[in-house]
Amino acid sequence: MSGLRVAVVGATGAVGTEMRRLLDTRGFPLDGDPLFLASERSAGKKLPWKDGEVEVQAISAEAFEGVDVALFSAGGSRSKEWAPVAAEAGAVVIDNSSAFRMDDEVPLVVSEVNPEAIANRPKGIVANPNCTTMVLMVAAKPLHAGFGLTEMVATSYQAAGGSGMSGITELLEQAAKMVDLGEDVLRSKGAEAEASVQAETFSKAIAFNVLAHCGNFTEERYTDEEWKLVNESRKILSQPALRVSPTCVRVPVVVGHAINARLTFAEPVSRDAALEVLAGAPGLVIEDGTGQDGEELAYPTPLDSAGRDEVLVGRIREDLGDRHSLNVFVVGDNLRKGAALNAIQLAELVAAE
Ligand code: A2P
């Protein structure tokens, strides 16, 4: 296979940093060094690449000349403006933003779930799904194939890193400040603790807290993050009538999104039958044991997932009242499988064409 010329747009960001690492560690077939693009602010900055460095360039139309694959993770408005420019210059764009995900002419692809969809890309753009949806789909797809998914009630526990570098910085700075305030303030003077920190990326203090608010509030009192879970799941699974009841929650975790999902199927489903289906699923690892009857105690956490490629699934339980429903707890590194890794896997599919 001959190498491809690759550009990473948003190379200085949280997802862009993972993309750079993965291009190297996965041995992506490259033609020369990749291009690292970002805003004017970062132009001239040097980023590590293999044993050396590559200088960041400001994004421009000329920068895309000769590029075969452009990996975008610089925010929706940048994608709206620049993805068509890159595609026009001949690059296949793999876009991590939400800008094109629901466009009928743009496939929305999880590499283990619907890889066949990538071939049909009339705009030259392929969309990488939302990080929470992506992680959940890796576990939901094999169960859907086995038993026919009809409904999902999904509650997420999303890392601060899902909001980019600024989310991680805000969490760590607030945590340090609140630790200085002391346990007494955190225990009995919550308003004082909250007032001591500045909330910019998030709407309220994220350190030592839980926010029932990811993204922006939109229609029907749901957030845009929750609507992504609804609409993107339907598109990825080709199930336009799938019933989805989403609640997205931000938690003080650096990396790793967790989702508890109650999944309802057309067929009755047992835990054993679910385990059988999940055991062979690509990109998925089962961590599930109660610690009773000689079983190892095992369930996944965001820290377990950080830096790992696989999505982890545990707490696989039959519903207490409904033979057609299961509860599962799914965890994945939102910067890896939830974003950068899937984008690179999609680029690998393009490279193999
Ligand atoms: P820069 O570092 O130059 O601002 P994150 O999601 O972690 O916040 O990262 C956002 C990424 O998007 C960064 O690489 C950032 O580059 C890039 N970016 C932000 N604004 C622009 C812009 N106007 N043009 C190109 N890249 C941008």
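The values are calculated or read from the model by the stated rules, or taken from the named source; none is laboratory data. Since the structure is predicted, the reported quantities are computational estimates derived from the model, not experimental observations. Neighbour counts are summed over all protein chains in view; Cβ atoms, including those assigned to glycine, are modelled from backbone coordinates with ideal geometry. Each accessible area value is taken on the protein alone, full model and side chains, heavy atoms only, with ligands, DNA and RNA left out. Shrake-Rupley method; radii C 1.70, N 1.55, O 1.52, S 1.80 Å.
Here are some notes:
- The chain, accessible surface, carbon-and-sulfur percent (1.4 angstrom probe): 48
- For residue 30, the amide hydrogen comes within under 5 Å of the amide hydrogens of 4, counting only partners 5 or more places away or on other chains and with H modelled in the peptide plane.
- Highest mean packing first, where packing is the average number of other Cβ atoms within 10 Å per residue, the peptides 9-19, 136-146 line up as 9-19, 136-146.
- For segment 153-228, a/c is not less than 1.5, where a ≥ b ≥ c are the root eigenvalues of the C-alpha gyration tensor, and a/b tops b/c. That puts it in the prolate class.
- Net +/- balance of residues flanking residue 129 in space, Cβ distance below 10 Å, scoring K and R +1, D and E -1: +2
- Cβ-defined net charge surrounding residue 5, 12 Å radius [Lys, Arg +1; Asp, Glu -1]: -4
- The chain: relative contact order as a whole-number percent, Cα under 8 Å and 6+ apart: 19
- Reachable aspartates and glutamates from residue 189, criterion Cα separation under 13 angstrom, eight or more residues apart if same chain: none
- Taking Cα centre as origin and charging only the Cβ of basic (Lys, Arg, +1) and acidic (Asp, Glu, -1) residues, the dipole magnitude of segment 58-101 rounds to 260 debye.
- Mean sequence separation of contacting Cα pairs (under 8 Å, at least six apart), scaled by the length of segment 198-353, corresponds to a relative contact order of 21 percent.
- Model label sites at residue 179 and residue 60, defined 7 Å from Cα along the beta-carbon direction, differ in position by 4.4 nm.
- Spatial separation of Cα centroids for segment 74-94 and segment 183-233, in angstrom: 31
- Peptides 155-166, 265-276 ranked from most to least packed by the mean count of surrounding Cβ atoms within 10 Å: 155-166, 265-276.
- Over the chain: helical MRE at 222 nm, DSSP H runs n ≥ 4 each giving -39500 (n - 2.57), nearest 500: -9000 deg cm²/dmol
- Rounded to the nearest 20 debye, the dipole size of the chain about its Cα centre is 380 debye, using +1 on the Cβ of Lys and Arg and -1 on the Cβ of Asp and Glu.
- Pair residue 267, residue 120: separation of 7 Å Cα→Cβ label points (nm): 2.6
- Net +/- balance of residues flanking residue 82 in space, Cβ distance below 15 Å, scoring K and R +1, D and E -1: -3
- Counting 0.36 nm for each residue step from residue 50 to residue 220 and taking away their Cα separation leaves a gain of 56.4 nm.
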